[in-house]
Amino acid sequence: MASLFLASFSPAQQKPVAIKGGKVLTVSHGVIENGVVLFENGKITAVGAAGSVSIPKDARVVDATGMTVYPGLIDSETALGLTEISAEDMTNDLLEPSDEIMPHMHVYDAFHAESALIPVTRLNGITNAIVAPASRDTIPGQDSFIQLDGKSQTDYLLVRDIAMPLNFTGEQRRNERGERKFPSTRMGLAAQMRQAFLDAQDYAQKWSDFEKKKADYDKGKSDSSSDSAKPADKDKDTKKQPPNPPKRDLKLEALLPYLQGKKPIVLAAEESSDLQAAVNLAHEFNLKFILNHISHSQSVLDYVASLKVPVIVGPIYESPKPEERFDAVYSLPAQLYKRGVKIVIASYDSHNARNLPYAAGFAAGFGLPYDEALKSITLNAAEVWGVADKLGSLDPGKTANVVLSTGDPLDVKTDVRMVFINGNDIPMTSRQTRLRDEYSAK
């Protein structure tokens, strides 16, 4: 039974692959009704109408007649590789509860590439995902961007520390079971985060001062050694001691790339008051940010649009508040799109991350244009995470993450028949299919 928990790894691409005759959803440049997608050495080399693409003689040809071909899907928030069995604590590395502010935590240190949940997810066409820690801390660590295939953890982890969550939903208050711990209010959450960023700024200044003093010391030492000064002067210079560096603080050090705008914060809020408080904090420290959730902020969507930042939407199946319309959460992607906001959709799941395309389909059913719904889990996501030069659409030069299915990728009735990741043909097996096969014959 132990083998049922092991992921299946695909062999490296041995020769060119041509998928021909299918309906090709390029995402970036429309639909090709009878198209060809050619890839070699893990890269897409040609995409076009049948007859316009030259197929090498040694290529493996996949007949996609009556099928749909599209780029691998991207889930913009999961806990894949951090959890296995929800009820068993030993299989969960979702959160470090010892402190609210833990920016120096890295999900890649806990990522489990052999998770049985990964093959289950990729069998429905999801080829890439953001892995994030749980949201019960304000700053719980840093996210990684993964590929759902490889021989080892290294192959899976495409971008380590790609972004950092900053959660301000009220869930982070320390008031469980009557314990009186700080912070127990939203005021406390904001004060704690503000102090962390101020401390990081002070830490950066100390290192800057040290580097300046060290440069001055090195320059003085160099000048002294080459100068023809009197011996007494030389003796005086040699007695000058080099400056001592500040003590390293991993927590503050981890915040610096975000304070410097080199990486984005993923700013999570749900209701309008939380959203505006969190955004004010981000603006106070000039943080580059992506909005997350905002599920119940319909009253301030014009304000959201004025921020001109991307928004990660979901979970789309969340129930509305008593004072909201029945479709408030379902129609949120469409409302944001109408205001010019770039949206991406996430599953916020692991065991059911495979349902990502249906969340996009749900958004399309409540007003989001179909093309935008597909972009929200392909090209838009690739652009938001800075990997659009490699992923998100079927274009020459991009990574050959390609899916072949029986129909519309956003339709629950569609079956995925083939998945290629980095040009490799992924085994269409998982723990679930093996259990099915084992017991269905009995």
Output the relative contact order of the chain, whole-number percent, from Cα pairs under 8 angstrom with separation of 6+ residues. 21 percent
Could you give me the ³J(HN,Hα) list for the range 318-331, computed from phi with Karplus coefficients 6.51, -1.76, 1.60 and θ = phi - 60°, whole Hz, x at Gly and Pro? 5, 6, x, 6, x, 8, 9, 4, 4, 9, 4, 6, 5, 8
Taking R0 as 22 Å, what FRET efficiency do you get between Ser28 and Arg160 from their Cβ-Cβ distance, rounded to the nearest 0.05? 0.20
Of Thr65, Thr91, which has the most accessible area and how do the rest follow, probe 1.4 Å? Thr65, Thr91
Take the solvent-accessible surface of the protein heavy atoms, probe 1.4 Å, and return the percent of it on the chain that carbon and sulfur atoms account for. 50 percent
With +1 on each Lys and Arg Cβ and -1 on each Asp and Glu Cβ, and nothing else charged, work out how big the dipole of the chain is about its Cα centre, in Debye to the nearest 20. 800 debye
GNM flexibility winner over the chain from Asp218, Asp143, Asp202 (Cα, springs under 10 Å): Asp218
Among Gln13, Asn380, Ile290, whose Cα sits farthest toward the positive end of the charge dipole of the chain (+1 at Cβ of Lys/Arg, -1 at Cβ of Asp/Glu, about the Cα centre)? Gln13
Tell me, what is the per residue accessible area of the chain in Å², probe radius 1.4 Å? 47 Å²
Compare Lys181, Lys308 by solvent-accessible area with a 1.4 Å probe and give them largest first, with all protein chains kept in place. Lys308, Lys181
Potential extension, Glu438-Ser86 segment - 0.36 nm per residue separation minus Cα distance: 124.3 nm
Over the Cα atoms of the chain, what radius of gyration and what Dmax do you get, in Å? 25.6, 97
Rounded accessible area of Ser299 (nearest 10 Å², 1.4 Å probe): 100 Å²
Over the range 337-384, calculate the relative contact order: mean separation of alpha carbon pairs under 8 Å at least 6 apart, over the residue count, as a percent. 42 percent
Set the Förster distance to 60 Å, then compute FRET efficiency between Tyr370 and Asp209 from the Cβ-Cβ distance, nearest 0.05. 0.60
Can you give the three extents of the C-alpha atoms in the range 289-442 along their principal axes, from longest to shortest, in whole Å? 55, 42, 25
Candidate residues Thr433, Thr154: accessible-area rank, largest first, probe 1.4 Å: Thr154, Thr433
Can you flag which of Lys375/Lys398; Lys213/Lys247; Lys221/Lys251; Lys151/Lys375 are past 27 Å Cα-Cα? Lys221/Lys251; Lys151/Lys375
Once fully extended, how much extra length lies between Gln241 and Gln153, figured as 0.36 nm per residue of separation less the alpha-carbon to alpha-carbon distance? 27.1 nm
Which of the three applies to the range 26-89, rounded, prolate or oblate, going by the alpha-carbon gyration tensor with a ≥ b ≥ c and a/c under 1.5 meaning rounded? prolate
Between Glu270, Glu171, Glu211, which gets the highest mean-square fluctuation from a Gaussian network model of the chain, Cα cutoff 10 Å? Glu211
Using a Gaussian network for the chain with springs between C-alpha atoms less than 10 Å apart, which of these wobbles most: Val37, Val313, Val61? Val61
Once both label points are put 7 Å beyond Cα along the C-beta direction, the Ser319-Glu253 separation in nm becomes 4.7 nm
Whole-Hz Karplus couplings 3J(HN,Hα) for the range 150-159, θ = phi - 60° and coefficients 6.51, -1.76, 1.60, Gly and Pro as x, run x, 8, 7, 4, 4, 5, 6, 7, 7, 9
Given a Förster radius of 45 Å and the C-beta distance between Asn352 and Ser184 as r, what FRET efficiency does 1/(1 + (r/R0)^6) yield to the nearest 0.05? 0.90
Taking the dipole about the Cα centre of the range 329-442, with the C-beta of Lys and Arg at +1 and of Asp and Glu at -1, give me whichever of Pro333, Val412, Ser440 is farthest to the positive side. Ser440
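The values are calculated or read from the model by the stated rules, or taken from the named source; none is laboratory data. All of these numbers come straight from a predicted model, not from anything done at the bench. Every residue, glycine among them, receives a Cβ derived from its backbone with ideal geometry; neighbour counts consider all protein chains shown. These area figures cover heavy atoms from the full protein model, side chains too; ligands, DNA and RNA do not enter into them. Shrake-Rupley method; radii C 1.70, N 1.55, O 1.52, S 1.80 Å.
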